[in-house]
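Following: one structure in structure tokens, then a few remarks.
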Amino acid sequence: MTAKALKEAMQRVEAWPEEAQEELAAIALEIDAALKGDKYIASAEELEGIDRGLKAAREGRFATDEEVAAVRAKYRRIPNHRSS
């Protein structure tokens, strides 16, 4: 992405809701930290989510293929890559 394209994108971001701007800023800071070789420090909210996921995995609670497909269809962000 050229500097011009990046500037244009940032101008558009200024019209976004504050929550979306904060999310983009957090992602940009994560990328910057990774490029610098810094360690990522998860927030308390992220750690709680990780703990919930690990607990669910220990309990054998996983989404079915149908549930995953429904989420993919709803958000249309993740291509459906089924190996079977």
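The values are calculated or read from the model by the stated rules, or taken from the named source; none is laboratory data. None of these values were measured; they are calculated from a predicted model. Here the Cβ positions follow ideal geometry from the backbone for every residue, glycine too, while neighbour counts run over all protein chains shown. Ligands, DNA and RNA are excluded from the accessible area calculation, which covers all protein heavy atoms including side chains. Shrake-Rupley method; radii C 1.70, N 1.55, O 1.52, S 1.80 Å.
If each DSSP helix of 4+ residues adds -39,500 (n - 2.57) and the sum is divided by the residues in the chain, what number results at 222 nm, nearest 500 deg cm²/dmol?
Working: 4 runs with 56 residues, N = 84.
Rounded to the nearest 500, it is -21500 deg cm²/dmol.
In square angstrom, rounded to the nearest 10, how much accessible surface does Lys7 have for a 1.4 Å probe?
Here the residue's solvent-accessible area equals roughly 140 Å².
If you project the alpha carbons of the stretch 11-55 onto the principal axes, what extent comes out on each, in Å, largest first?
41, 26, 12
Using the Kyte-Doolittle scale, which helices in the chain average at least -1.0 and also have C-alpha atoms spread 20 Å or more along the helix axis, with helices defined as whole DSSP H runs? Display every interim value, and only then the final one.
On the way: long enough: 18-36 (27 Å, 0.15); 44-58 (21 Å, -0.68).
In the chain, the long hydrophobic H runs are 18-36, 44-58.
May I ask you to list the lysines whose Cα is less than 30 Å away from that of Lys74, ignoring any residue fewer than eight positions away on the same chain?
Lys55
Calculated FRET efficiency, Arg61 and Ala25, Cβ-Cβ r, R0 35 Å, to nearest 0.05? Walk me through the intermediate numbers first.
Numbers: r = 33 Å, r/R0 = 0.95.
The computed FRET efficiency comes out at 0.60.
Per Stokes-Einstein, at 25 °C and 0.890 mPa s, what whole-number D in µm² s⁻¹ belongs to the chain, with the Kirkwood radius over Cα pairs as the hydrodynamic radius? Show your work: numbers first, answer last.
On the way: Rh = 16.6 Å.
Translational D for this selection: 148 µm²/s.
Taking Lys39 as the anchor, which lysines have their alpha carbon closer than 19 Å to its alpha carbon, excluding any fewer than eight residues away along the same chain?
Cα-Cα hits under 19 Å: none found.
Enter the Cα centre distance for the pair the stretch 1-34 and the stretch 42-78, rounded to the nearest angstrom.
26
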